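Please read the structure below before turning to the comments.
The values are calculated or read from the model by the stated rules, or taken from the named source; none is laboratory data. Quantities reported herein were computed from a predicted structural model and do not represent experimental measurements. Cβ sites come from the backbone with ideal geometry, for glycine too, and all protein chains shown count toward neighbours. To get the accessible areas, we keep the full protein, side chains included, count just its heavy atoms, and leave off ligands, DNA and RNA. Shrake-Rupley method; radii C 1.70, N 1.55, O 1.52, S 1.80 Å.
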Amino acid sequence: MKLLKWAAIVVVALVVIIAGAVVALPYIVPMERLVAEGTAQVEAATGRKLTVGGKPTLSVWPEVAISLESVTFANAPGAADANMLTVDAVRIAAPVLPLLSGEIEVKEFVLVKPDIRLAVDASGKPNWSFGEKAGATPAPGADKPAAGKAALPEELKDLKLGDVRIENGRISYADAKAGTTEVLENVNLKLTLPSLQGPLGADGDLVWKGDRIVLALNMAKPLAAIEGGASALKADLKGAHIDAGFDGTADFSKGFALAGDAGVKTPSIKQLAAWAAAPLAIEGDVLGPFEAKGKLRFAGPKISFTDAAIAIDAIRGDGDFAVDTSGKVPAITARLALGELDLNPYLPVPKEGQTGGPAASGPGTWSEEPIDFSGLKQLNADLDLSLQSLLVQKIRIGESALKATLQGGVLNFNLSRMALYGGQGVATVRIDAAKATPEISKQVKLAGINALPLLTDAAGFDQLEGKGDLSMTVRAVGASQAAMVKTAAGDGAFSFQDGAVKGFNLGAMMRKVESAFLDASAGETQKTDFSELKGTFKIAKGLVTNDDLSMLSPLFRVTGGGQSSLPARTVNYRVVPRAVASTTGQGGAADLVGVSVPVLITGPWHDLSFQPDLTGAIENLAKDPGKIVDSAKDVLKNPGKAVEGIGNTLPGGKDVDNAVQGIKNLFGK
């Protein structure tokens, strides 16, 4: 790495000062001249001026020791700061005898209050890139370093370091291109390096964003960083908000790469994010403890984390993750297997007077607040997710498998397996945020589901029992929840068996129309059983329309039609029940008898009302009174084949003939 190479050159220059002092002492050469020669070599090698402001001091026994004050190293031309490095004091000591024999052994190398200012300019050029100086071109035929390697000065081949320290330093990094600045303060670091063959040890601490962080590093072969080799590396970082570690291999042959075991944990994700100046706008007691362990690979723009075990709050899972930052936006691929997943603590809380969706059972309105889909354009993703169970609002989903892809702002969900309320289902969802106006579409197919718990949990609707199938396709366009509801369009079908519609009793209504709707509490306990309930529906501009409702029962047949407004959250529906002569239910004869009394179902979703449509009943009666009279006569003479109790509810207990004659008289027959 270039920065390490030039740092090594600076060390060589300082060591040359020491060696020069030992050699020059017999000739009584002034110390200032030795310093000038050393700084001149640094400038020749880097093109930057190295200045020693204070008067240097020298001692020669039992080691050569030099103390320098007010040392500065110039910054790149045009940089905001004049100096890339300033140091209050530099202390260097080396034993005399090794120097005289040609060996370099640094007993002490201490930097007091160094201020290192790293920066990248608007064009992306770093200030530690020194370029090539005139005269530095190798002579023809000279050996060149291998690709990916730096030439190590011969003087450093046998370098040995003793006490190497940084005291109370400061390191800053400014990126003019990205507009970011980071500062490390109170940096204290101690290095141990018996030789460049290793091992290298580094221990220290620093302050970042007001918190102290402790660092520890051990590198088996530090020479690999200069010559482009590989070395075992172990590193640990600990602070109040984060505890991270790595144990593996560092490879410098093609830049810098890591491969090994890694782990990270924090007592609170939210506190960590706030400390790192990226607070998360999420309410509630969530995003607390986090821990992840796995195998890390890092090479340039690609990072992978495999065989990983993760824990976030109460969520547990394992999987593989990979990130590639070489494209216009980061690309993420992941495989994740989770246990029980409860998403409710992470969902936004609806504002007062608004509902988060159709799951609300009380009155409310759809939110007009714009939905921010911009995050979908910030990355691409390919995710495989499996889980044991999922809870979203009140909806409970069993063992499921999900495939999700995000490309160019278009998000596709494919729920290929879903255990749901006693049945199974599949679903696809597409969110297209690449368009000027976001678009959402989804397809759902459910089979063998229990209607009551599903509709209760999903829509707060607890008035349908039964088991059956449901399919639906819907598309909506808009930038807010309310806008999407208004543009919703699609179609669907449903079919339920052996269930009941709760809230009213059609049998009672047909037997005693004059009082069936007068008891306000009847709807709380009564219900209408059916052997089959089916139909289809269409959605256009938020209006759900059905005109082919069919409900079969041993006692009657029911048809119906009407609408439900999604924007207004209301229902306007009409069902038409008819008594049957046969007690056969689903699949039985549909011959109808008796007076048909339509029922109107109206009102808001959370407070439906049921009323008889007596006008419709009279119209039905007037259409074909003769047929009704004949059919009623058959039924009343054979009450065992019809509804139990229908023949016994006639006022005054009149016999069948009188009842039939009464109907004839009503129509003038």
_Between residue 384 and residue 44, what's the calculated FRET efficiency when r is the beta-carbon distance and R0 is 60 Å? Round to 0.05._
0.55
*Whole-Hz Karplus ³J(HN,Hα) for the stretch 399-416, in order, using 6.51 cos²θ - 1.76 cosθ + 1.60 and θ = phi - 60°, x for Gly and Pro?*
4, 9, 9, 10, 10, 10, 10, 10, 9, x, x, 10, 10, 10, 9, 10, 8, 7
*Summing Lys, Arg as +1 and Asp, Glu as -1, what charge do residues with Cβ under 13 Å from the Cβ of residue 599 carry, residue 599 excluded?*
+1
*asked:* Taking a virtual spin label 7 Å from the Cα of residue 344 along the C-beta vector, which residues in the stretch 265-284 bring their backbone nitrogen under 19 Å of it?
replied: 283-284
*Given N residues in the stretch 282-322, what is Rg(Cα) / (2.2 N^0.38 Å)?*
1.40
_How many angstrom lie between the Cα centre of the stretch 235-287 and the Cα centre of the stretch 199-230?_
16 Å
*asked:* Give me the net charge for the shell around residue 490: Cβ to Cβ below 9 angstrom, other residues only, Lys and Arg +1, Asp and Glu -1.
replied: +2
*Note down the nm distance, to one decimal, between modelled labels 7 Å out along Cα→Cβ at residue 33 and at residue 278.*
5.8 nm
*Charges only on Cβ, +1 for Lys and Arg, -1 for Asp and Glu: so what's the dipole of the stretch 381-513 about the Cα centre, in debye to the nearest 20?*
340 debye
*May I ask for the net charge around residue 117, where only other residues with Cβ less than 9 Å from the Cβ of residue 117 are counted and Lys, Arg are +1 while Asp, Glu are -1?*
-1
*What number, in percent, do you get for the relative contact order of the stretch 364-440 if the mean sequence gap of Cα pairs under 8 Å and at least 6 apart is divided by its residue count?*
24 percent
_Can you compute 3J(HN,Hα) from phi for each residue in the stretch 287-298, using the Karplus curve 6.51 cos²θ - 1.76 cosθ + 1.60 with θ = phi - 60°, rounded to whole Hz and x for Gly and Pro?_
6, x, x, 9, 8, 9, 9, x, 9, 9, 10, 10
*Please give the solvent-accessible surface of residue 166 in Å², to the nearest 10, using a probe radius of 1.4 Å with every protein chain present.*
40 Å²
*Compute the distance in nm between two label points, each set 7 Å from the Cα along the Cα-to-Cβ direction, one at residue 399 and one at residue 416.*
1.6 nm
*When the solvent-accessible surface of protein heavy atoms is calculated with a 1.4 angstrom probe, in what order do 209, 190 fall, highest first?*
190, 209
*Separation of the residue 329 and residue 570 label points, Cα + 7 Å toward Cβ, nm*: 4.1 nm
*Take each of the peptides 603-610, 372-379, average the number of other beta-carbon atoms within 10 Å over its residues, and list them starting from the highest.*
603-610, 372-379
*Mind jotting down the three principal axis lengths of the stretch 200-336 based on Cα atoms? Whole angstrom, largest first.*
52, 34, 28
*Using 0.36 nm per residue, how much length does the chain from residue 51 to residue 80 gain when fully extended, once their Cα-Cα distance is taken away?*
8.6 nm
*Calculate, in whole percent, how much of the Cα-Cα pair population of the stretch 367-438 lies beyond 15 Å.*
61 percent
